[in-house]
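> I'd like to ask some things about the structure below.
The values are calculated or read from the model by the stated rules, or taken from the named source; none is laboratory data. Keep in mind it's a predicted model, so treat the numbers as computed, not measured. Using ideal geometry, Cβ is built from the backbone for each residue, glycine included, and neighbour counts are taken over all protein chains shown. Calculation scope for accessible area: heavy atoms of the full protein, side chains included, ligands and nucleic acids excluded. Shrake-Rupley method; radii C 1.70, N 1.55, O 1.52, S 1.80 Å.
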Amino acid sequence: MSKTVAAVMDQGITPQAFIDGMEKNKDAFLGWYEGFEWSNEEDKSFFESLQFRDDLRCLILMADWCGDVIRNVPVVLRATEAAGIPTEVLIVEKFPEVMDQYLTMGGRAVPIVIIADTGGHVLGQWGPRPSDVQAHMIAFKQANPDREAADYQDNLKITRQKIIEQYGEGTEYQTRILKELRELLSSF
């Protein structure tokens, strides 16, 4: 059975309302958002070429406490803005039933970017991280299945450090997000 978000479409908030209501990490989020630059014209042209697609909608499951949201969603917003794709935010705590349909390896991880048609039928999803960054968490989960193990938290801390290192200091990771979003949007 295919997924649908029809029941929650138009129940979220605008990206600007999310930003205005941020209680955590607002400066960092705005820093990534305002500092975004297209690294190549090909990416920018691709997203701008989607402006004729009036059949797409974007819903983003997210929360202001999440570091991946702070880094990744500004890139997603710039892409959907360029593409003219109407975008709404579903705050995880207000939409737990939706979050539970989009678990990552059995757990809640955000952001989850959901691309749907105007009827709410899900065409695809992205998130919570670029695939090269997510690879560290996948390896951790496979090597540490027991959350009660004595070394679980220590290993998680090491993995989180690897994730931060994989993102890097600059904005190169943004190009990888754009590439993955292009691949997703090109598939339908």
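> Please work out if residue 77 is surrounded by 16 or more Cβ atoms within 10 Å (Cβ to Cβ), part of a helix (DSSP H, G or I), within 14 Å of the chain's Cα centre (by Cα) and touching a residue at least 24 places away in the same chain (Cβ under 8 Å).
Yes.
> For the range 91-167, give me every one of the helices (runs of 4 or more DSSP H) that falls completely inside it and has 2 or more residues that are within 25 Å of residue 80 (Cβ to Cβ) and open to solvent by 20 Å² or more (accessible area, probe 1.4 Å).
96-99, 131-143
> Follow-up. For the range 23-63, what are the residues that are part of a helix (DSSP H, G or I), open to solvent by 70 Å² or more (accessible area, probe 1.4 Å) and closer than 23 Å to residue 124 by Cβ?
42, 48, 51, 52
> Hey, another quick one. Name the residue that is surrounded by the most Cβ atoms within 10 Å (Cβ to Cβ), counting only residues in the range 168-188 that are part of a loop (DSSP other than H, G, I, E, B) and either of a type outside the set (Gly, Ala, Ser) or in contact with a Ser or Thr (Cβ under 6 Å, 6 or more places away or on another chain) (or both).
The residue in question is 171.
> Only one of (1) more than 19 Å from residue 174 (Cα to Cα); (2) of a type in the set (Asp, Glu); (3) in contact (Cβ under 8 Å) with a residue 24 or more places away in the chain is not met by residue 20, so which one is it?
(3)
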